[in-house]
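The values are calculated or read from the model by the stated rules, or taken from the named source; none is laboratory data. Note that the structure is a prediction, hence the values are computed from the model and not measured. Ideal geometry is used to build each Cβ from the backbone, glycine not excepted, and the neighbour counts take in all protein chains shown. Remember, those area values only see protein heavy atoms, side chains included, never the ligands or the DNA or RNA. Shrake-Rupley method; radii C 1.70, N 1.55, O 1.52, S 1.80 Å.
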Amino acid sequence: MKLTTLAILAGGTVLLASCATGTGDPRAEALAMMDRDFHARGIASKDRLKEDAVMAACNKYNDNPPADVVARLQKEQLATIRYPADGKLLGDWKAGEKVAQNGRGMAWSDKGGVGGSCYNCHQIGPATTSFGTVGPSLYQFAKMRGFGTDIQRYAYGKIYNSKAFNLCSQMPRFGHVQALTEQQMKDITALLMDPASPVNQ
Amino acid sequence: MHQTRRTVTLGLLAALGGALLSPLRALAARNQGAFEAKSAVDAMRALGMSGAAESKDIEIRAPDIAENGAVVPIDITSNIPGTTSISVFIEKNPFPYTGTFDFTAGAVPFVHLRAKVGESTPVRVVVAAGGKFYTTAKEVKVTIGGCGG
Amino acid sequence: MADPMKIRATLQGDVADVRVLMAHPMETGQRKQGGQVVPLHFIQSITATLNGKQVFSADISQAISRNPVFAFKVKGAKAGDEIAVTWKDNKGETRTDKTTVRGGS
Amino acid sequence: MRHALLLGLAAAVAAGVPWTQASAQMDDPVAAEFDKFREVLEKDNPAELWEVKGEQLWTTPGGPKKASLEKCDLGLGPGVVKGAYAQMPRYFADVDRVMDAEARIVHCMITLQGYELDKLDDKPFSSATHTPDPVSITTYVAAQSAGMKLAPPQNHPKEKAAYAIGKEIFHYRAGSYDFSCASCHGVDGQRIRTQPLPNFTKPEQAIRSVQGWPGYRMTGGVMHTLQWRLTDCYRQQRFPEPGYTSETLSALLTYLTVNASGQVYKGPGIKR
């Protein structure tokens, strides 16, 4: 009896906090709990806790939303990509290597100076053996895929907004969330695409 | 006058402290020159260990690749009879000379220590035995781990 | 005041295996905290005695890891013998802790 | 044999041989080398220094009320420490919520010793020069469960709810980089840089989320608890900060610990 009362009370709190339609819905309760428990720190504002439409679909469907949802949202994400106004997609691969090595930025302990964190998850240049394996190897990226403009646009676009190509990709949307500058993204694209880059030797 | 007395008192205190701490080490002062040397060769020269002979009777057990350069475990055993000390030089550290371990009155010539290793480097060991010096080295690699953030 | 060491001395035959944990920052003088360099602060010397007689000593540098760990072996020890370890750092601070040798397996 | 293989592969990689040829074999020798020396490091773990300190803090009267923590109920009755850590997180009726070990210890410090939460959670994590008391106490409490099987209860409805909610939180993607806990710890056999990433959704790997914590972290040479581990994961996930000893962290710890149920907890460990 007492337990029931407590459960109803607890359910009531959840209702107020998250507008969940019923009690005992773990996802709704999780959202309400996190909303209560997280706070802003440094540059990491509280609104980062909110899922946008893409993450809401990925979270709800365990990274595998229905095809029509995927098609609609990917189209929207594709439309967010801003290609360089000067039409040049390739920067300096040496600068790109530095950006790729740098794993800092965007955390509450950071102030500025965002890196691409690329090596955290990908093999890229042959000189670095301490690379992650969360993402595919990018070694010989253009050598294997071709050096053409279409591949350049794909590489730049993928860095800018990975979700335009694979909705629930684990890769961040570096341009979309304004983590990397246009120049940094050009430089990383050059690291992957420049025939002189060690990636393509 | 006052100044002199204070200096004398301090000197006595230091001597006493040293004596209480370690009757043997009070005699051999810390070799500051060796600790401040920027190369293993210079440090060994400062310690009078130049020209140590290569020896297979010194065992160094340390990782081929260290998980974290902040804490690299090193076991050193000398199988050379009459070993009195083991000295360690981490060659590529800013100050390679890491320390000397002295064995007296029945201590087995073995030491386990953990050191900071800044980059991949040979770890050189010099053993003193019967007034002579013997040496060997082992390569330790240091990698980048984690997110780097 | 410095925190106590943790010393273990276990017999293996007539050899005491002595293992020492020390609480010390071992600052290299190169680390920065809040934009300021943390000054050099490290243990410089260690001595160990068996029943008051010195058996092991060391001069060490700041390259020894923070919260240092050392192990050494003393021959001719018996259960109940006293092992004492002393360290002294570059600021003159010192600490001595003792333990009793225990019979091993 | 293994040694030769390792060196050979390291040389091959250094010489620029494409990783695809070397990677399959490379992972294992490096991991094996790390494991071998992890054993050496664990044999004498500086964590013991904080275990001793934590025991003192547990038994010595302290705080504004000058009381010890010996009446603190960690779930097995007032003052029972042995085995308590292995059976947490659990539901506590006096607060009507599920609490993990550190959350419960902090609760006891507040109710029994008279500390204020605001002071305890101002700087709750260890730095090079300071280890907060709850960290030392948690290390002591954890050590009293060494060698025991993890058995966080799943009887009370709120314990079951905490597991289900924790599972949702674990998989919740958001933040600037769209990361969830599962982004790194939801797939087998991945690494960040050279750091292997266990898959915590699988029981046999989930133990690695609990094992070794509280842990002496070689980076920085500091003692850390699971509260720190989860909080720092959220920092690297580019999330805002979760509250110290919050229900969110207890729910996540419930999910992780229940997944590892039945496996033996070895006590405070050493971490990279």
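List of remarks:
- Fully extending the segment from C:D14 to C:K78, taken as 0.36 nm per residue of separation minus the present Cα-Cα distance, adds 22.4 nm.
- R0 of 45 Å, Cβ-Cβ distance C:N51-D:T111: FRET efficiency to nearest 0.05: 0.40
- Kirkwood hydrodynamic radius of the range D:113-267, from inverse mean 1/r over distinct Cα pairs, in Å: 16.4
- Heavy atoms of chains A and D lose about 4300 Å² of accessible surface on contact, summed over both sides with a 1.4 Å probe.
- By the rule of a C-alpha distance below 21 Å, with chain neighbours fewer than 8 residues away ignored, the lysines paired with A:K163 are A:K50, A:K60, A:K75, A:K186.
- As a calculated quantity, the FRET efficiency between A:R36 and A:S109 at R0 = 25 Å, using C-beta atoms, amounts to about 0.60.
- Total charge dipole magnitude, the protein assembly as shown, about the Cα centre, Cβ charges on Lys, Arg, Asp, Glu only, Debye to nearest 20: 660
- Rounded D (µm²/s) - the range B:31-142, Kirkwood Rh over Cα pairs, Stokes-Einstein at 20 °C, 1.002 mPa s: 154
- Threshold 10 Å² - residues in the range D:156-170 whose accessible area is reduced by that much or more when the chain is no longer isolated, probe 1.4 Å: D:H156, D:P157, D:K158, D:A164, D:I165, D:E168, D:I169
- Averaged over D:37-44, number of beta-carbon atoms from partner chains that fall within 10 Å: 6
- Extending 7 Å from Cα along the Cβ direction at A:E182 and again at B:D75 yields two label points whose distance is 6.1 nm.
- On the beta carbon distance between A:T149 and A:N62, with R0 = 35 Å, the FRET formula returns roughly 0.45.
- Taking only protein heavy atoms and a 1.4 Å probe, the accessible area of the protein assembly as shown is 56% carbon and sulfur.
- Per residue, the range C:1-96 exposes 40 Å² of accessible surface when a 1.4 Å probe is rolled over the protein heavy atoms with every protein chain present.
- Kyte-Doolittle mean at least 0.5, axial Cα span of 20 Å or more - DSSP H helices of chain A: A:2-18
- Interface of C with D. Using a 1.4 Å probe and counting protein heavy atoms only, the two chains hide about 1200 Å² of accessible surface, both sides summed.
- With a 10 Å cut-off around each Cβ of A:107-119, the average count of Cβ atoms from other chains is 3.
- Vicinal HN-Hα couplings computed from phi for the range B:35-45 (Karplus, 6.51 cos²θ - 1.76 cosθ + 1.60; Hz; Gly/Pro x): 5, 8, 5, 9, 9, 5, 4, 5, 5, 5, 5
- Chain D: Cys lacking any partner C-beta under 4.7 angstrom: D:C181, D:C184, D:C233
- Working from label points 7 Å from Cα in the Cα-to-Cβ sense, the D:K66 to A:Q140 distance is 7.7 nm.
- Legend: mean number of C-beta atoms from other chains within 10 angstrom of residue C-beta atoms, peptide D:241-247, equals 5.
- Calculated log₁₀ intensity ratio I(q)/I(0) where the Debye formula runs over C-alpha points of the range D:3-271, q = 0.07, 0.09, 0.11 Å⁻¹: -0.27, -0.44, -0.64
- Using alpha carbons only, the radius of gyration of chain C set against its Kirkwood radius gives Rg/Rh = 1.06.
- Here the label points at A:V69 and B:R61, each 7 Å from Cα along the C-beta direction, are separated by 5.6 nm in the simple model.
- Å² per residue, accessible surface of the range D:167-272 at 1.4 Å: 25
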